[in-house]
Amino acid sequence: QVQLVESGGGLVQAGGSLRLSCVVSGRTFIFSSYAMAWFRQAPGKEREFLASIRSSAGITYYADSVKGRSTISRDNAKNTVYLQMNSLKPEDTAVYYCAVGRVLAGDSADAYHAWGQGTQVTVSS
């Protein structure tokens, strides 16, 4: 059983920044063998892909909604993936989830097999 724990969410003003973290653990889980991604979901809306990072080469992908103001990174030694978000907007308000996928997982939620419980991000003004 793979477990993911997100942290770093909270209440911020528009234009502010947050860094989200996700620590992954599991008895037989090899963090470096999997792709990681961040999604978000606002109440009553579909889960939205934000960014992903492959297991090797540091290859990253971003949704247009966050491209240029967000950075996904990973530290395989710490089994942790990060999402740095800058220039936050009220429309960024949502629950943010990290997810584990196969090495070539893309932007579809179906490609990810383990999810965290989420961390709330609320952007005011």
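Worth a mention:
- For region 27-38, Karplus couplings with θ = phi - 60° (6.51, -1.76, 1.60), whole Hz, Gly/Pro x: 4, 10, 6, 10, 4, 5, 8, 10, 7, 10, 8, 10
- Longest site-free stretch - the chain; sites: trypsin sites (Lys or Arg not before Pro), DSSP loop, at most 12 other Cβ within 10 Å: 68-125
- For Gly116, the residues whose amide H sits under 5 Å from its own are Cys98, ignoring neighbours fewer than 5 places away on the same chain, with H placed 1.01 Å from N.
- Taking Glu6, Glu46, Glu91 and ordering them by how much accessible surface each has at a 1.4 Å probe, largest first, produces Glu46, Glu91, Glu6.
- Each principal axis of the chain carries a Cα extent, and these read 44, 26, 26 Å when sorted largest first.
- Taking all protein chains as they are arranged and a probe of 1.4 Å, the heavy atoms of Ser73 leave approximately 50 Å² accessible to solvent.
- The solvent-accessible area of Leu50, taken with every protein chain present and a 1.4 Å probe, is close to 0 Å².
- Long-range amide H partners of Ala51 with built H, under 5 Å: Trp38, Ala63
- Projecting the Cα atoms of Gly44, Gly68, Val2 onto the dipole axis of the chain, where Lys and Arg carry +1 and Asp and Glu carry -1 at the beta carbon, places Val2 farthest toward the positive end.
- The lysines whose alpha-carbon is closer than 29 Å to the alpha-carbon of Lys78, local same-chain residues fewer than 8 away aside, are Lys67.
- Amide H contacts under 5 Å for Gly10: Val121, Thr122, restricted to partners 5 or more places along the chain or on a different chain, H placed in the peptide plane at 1.01 Å from N.
- Largest accessible area first, the listed residues Thr122, Thr28 line up as Thr28, Thr122 when surface is computed with a 1.4 Å probe on the assembled protein chains.
The values are calculated or read from the model by the stated rules, or taken from the named source; none is laboratory data. Predicted model, so just to flag it, every value in this text is computed and none were measured. Methodologically, a virtual Cβ is constructed for each residue, glycine included, from the backbone with ideal geometry; neighbour enumeration extends over all protein chains shown. The accessibility values were calculated without ligands, DNA or RNA, using every heavy atom of the protein model including side chains. Shrake-Rupley method; radii C 1.70, N 1.55, O 1.52, S 1.80 Å.
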